[in-house]
Amino acid sequence: MNKRYIVTFFTTLLFAMLLMGSSASATSATAEGDAELQTNTRYVTELVIYNGRISPPSTYSYSRNGWRGTLTLQSFQFDGSRTLARYGGNISCSGTCPIVSSTSSQ
């Protein structure tokens, strides 16, 4: 086999594994045992913009398109008229979950 083919194959395989690993999922059975609920979890970061110079809260409640979770303050800075706060954490969604964007402002 061509050495270049092998390198390309393993690079593609590694990339596919990284994409699949970015969203973990768990399945739990209901009490009756005849139906299953699919729960998806993913890590997001969120930039939240506050007006004025403030000390942002240590947590941020994320709720968008069925995805929910509590994000933790990672960093913040003042840009002259606003406070820019970056939050991060795991969010989860049960059932069919759309892909979420990760930037918002307040």
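Only the coordinates and a few stated rules stand behind these numbers; no lab work does. These figures come from a predicted structure and were not determined experimentally.
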Q: Using the Karplus curve 6.51 cos²θ - 1.76 cosθ + 1.60 with θ = phi - 60°, work out ³J(HN,Hα) for each residue of the stretch 77-84 in order, rounded to whole Hz, and write x for Gly and Pro.
A: 8, 9, 10, x, 10, 9, 10, 9
(Q) Using 0.36 nm times the number of residues separating residue 77 and residue 96, minus their current alpha carbon distance, what extension gain do you get? (A) 3.2 nm
